[in-house]
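To keep things clear, I will list the structure first and then write my remarks on it.
The values are calculated or read from the model by the stated rules, or taken from the named source; none is laboratory data. Please read these numbers as outputs of a predicted model, since none were measured by experiment. Backbone-built Cβ (ideal geometry, glycine too); neighbour counts: all protein chains shown. What goes into the accessible areas is simple: the full protein's heavy atoms, side chains included, and nothing from ligands, DNA or RNA. Shrake-Rupley method; radii C 1.70, N 1.55, O 1.52, S 1.80 Å.
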Amino acid sequence: MNLDITYPRRKTTPCKIGPLTIGAGHPVLVQSMITEETRNIDGCVEQIIELHKIGCELVRVTTPTLGEAQCLEEIRAKVTERYQYVPLTADVHHQGMDIAVEAAKHVDEVRVNPGLFVFKRHGTRKKVDVRGRGEEIEVLREELAYSESEQREEIAGIEEAFIPVIEACKKFGRAMRVGVNHGSLSERLLVTYGDTPDGMVESAMEYLRICEKNGYTNLNISCKASRVPIMVAANRLMVKRMAKEGMAYPMHLGVTEAGDGEYARIKSTAGIATLLMEGIGDTIRVSLSEDPKNEIPVCYDILQSLGLRKTKVEYIACPSCGRTKFNLPTVLNEVRNATRHLVGLDIAVMGCIVNGPGEMADADYGYVGAAGGKITLYRKREVVKNGIPQEDGVRELIELLKADGKWSDAPEGHLPLTGLPVMN
């Protein structure tokens, strides 16, 4: 398989998150979030270790109150004592100054949500939902519009509350994610921009400007939405707006509240992969309403399909048709079960000689059906051996791999995407 990427990755400044670095050409990093209540310290420790073992490189823990933020010290210590050092992010939302400052003492990254971090409504305003479209909403927005002095006053209030968090991150050497959600924009930005990607981007930019003004740049950004078109548009706009102001911070990608099952995986892939193919994205999460362990294989499948990470064998197989010379699903499973631990290889299983050799040209090895119950083995485009009885095909493939020095025995208890080294 040719892993040369035909689309250049966006050039970004590095963001150091403990021992990890995102952006600046580093591999796209996989992250997830535990679902255990933060005060259940042993439960959190167990879930963090479990996630890291299966390939989650950065684990997020929610800290809705100061009490949960204080639990992070013990969580950090126990994870390291029982397992090893795992990079952690604290998720801070409502009225987050004290919470974020406490979290910065214990974890590698603090995530703040600009729409909720300083959460207050202007005292003279009606509590009106300004989300939506149409003439009625436009009239409401006009009535509720913020004056320039009110805008300045609120931004000054944000800066006053935010500076202690910046200083804590600088003091302890922590990263920060400015994470905007489409569903939690502040009232002021909803009134000013409506429920739009523009509002999401401006929400993040206000915080980035404050960070830079105060000499802090160890940052990354996320612009998430539950609707793929909005998520994609917001990230594209975010990149353009940052470039216009001389910023190049890394982007964390995800479709929030994607749901569960097959549709959630497709929905997440549609948003994340679209942007990755445009060179946008330095770390990803597939957000599922399931056990967070289920998110990790989807992340790696997205990255592998785009040639951005290599964590398992790449199997190329035809969909089967009337020309197929064997039961393709059965044979594919036999080949996979025998070779799935050989990370780094690309192996093709093709049903017939008509399209097989051409369509599997990028594979390292090919297993192709032939007439009379036989198969042919290829090394790239080269026929290595033909006339092999189908029942001997997998054994002969293994012998070829051994002869080429490509074979190793599977680790005890090996499962795909479990305990595998994550390779660039």
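Brief remarks follow.
- Long-range neighbours under 9 Å by Cβ, at least six apart or interchain, first residue open to solvent by 30 Å² or more (accessible area, probe 1.4 Å) within the stretch 45-61, second of a type in the set (F, W, Y): H52/Y83; K53/Y83
- Pair list, Cβ under 7 Å, 6 or more apart: the stretch 363-377 residue in contact (Cβ under 8 Å) with a residue 60 or more places away in the chain, other residue buried (at least 24 other Cβ atoms within 10 Å of the Cβ): A363/I347; A363/A348; D364/I347
- If only residues of the stretch 246-273 that are of a type in the set (D, E) and surrounded by fewer than 15 Cβ atoms within 10 Å (Cβ to Cβ) are counted, the one that is nearest to L58 (Cα to Cα) is D260.
- Residue within the stretch 390-399 that is surrounded by 20 or more Cβ atoms within 10 Å (Cβ to Cβ), touching a residue at least 12 places away in the same chain (Cβ under 8 Å) and in contact with a Ser or Thr (Cβ under 8 Å, 6 or more places away or on another chain) present: yes
- Residues located in the stretch 353-373, provided they are outside any loop (DSSP other than H, G, I, E, B) and either closer than 20 Å to S305 by Cβ or not aromatic (F, W, Y) (or both): G356, P357, G358, E359, Y365, G366, V368, G369, A370
- Any strands (runs of 3 or more DSSP E) falling wholly within the stretch 238-352 and containing at least 2 residues that are under 24 Å from I17 (Cβ atoms): 251-253
- For I280, the criteria (1) touching a residue at least 60 places away in the same chain (Cβ under 8 Å); (2) crowded, with 22+ Cβ neighbours inside 10 Å; (3) among the β-branched types (V, I, T) hold in every case but one, which is (2).
- Summed over the stretch 199-228, the residues that are in a loop (DSSP other than H, G, I, E, B) and more than 24 Å from A90 (Cβ to Cβ) give a count of 1.
- Candidate set from the stretch 321-367 (those that are within 12 Å of L377 (Cα to Cα) and modelled with pLDDT under 75); member that is least open to solvent (accessible area, probe 1.4 Å): G356
- From I398, I375, residue being hydrophobic (A, V, I, L, M, F, W, C), modelled with pLDDT of 95 or more and within 21 Å of T330 (Cβ to Cβ): I398
- Qualifying residue in the stretch 102-110 (condition: modelled with pLDDT under 95, of a type outside the set (V, I, T) and surrounded by fewer than 24 Cβ atoms within 10 Å (Cβ to Cβ)): no
- Put simply, of R10, R39, R76 the only residue that is over 26 Å from M97 (Cα atoms) and either more than 21 Å from the chain's Cα centre (by Cα) or crowded, with 17+ Cβ neighbours inside 10 Å (or both) is R10.
- Looking across the stretch 13-36, the residues that are of a type outside the set (S, T, N, Q), under 16 Å from the mean Cα position of the chain (by Cα), surrounded by 15 or more Cβ atoms within 10 Å (Cβ to Cβ) and within 22 Å of R309 (Cβ to Cβ) come down to C15, I17, L20, I22, G23, H26, P27, V28, L29, V30, M33.
- Within the stretch 169-198, the residues that satisfy the criterion of being modelled with pLDDT of 95 or more, open to solvent by 10 Å² or more (accessible area, probe 1.4 Å) and in a helix (DSSP H, G or I) are K170, K171, F172, P197, D198.
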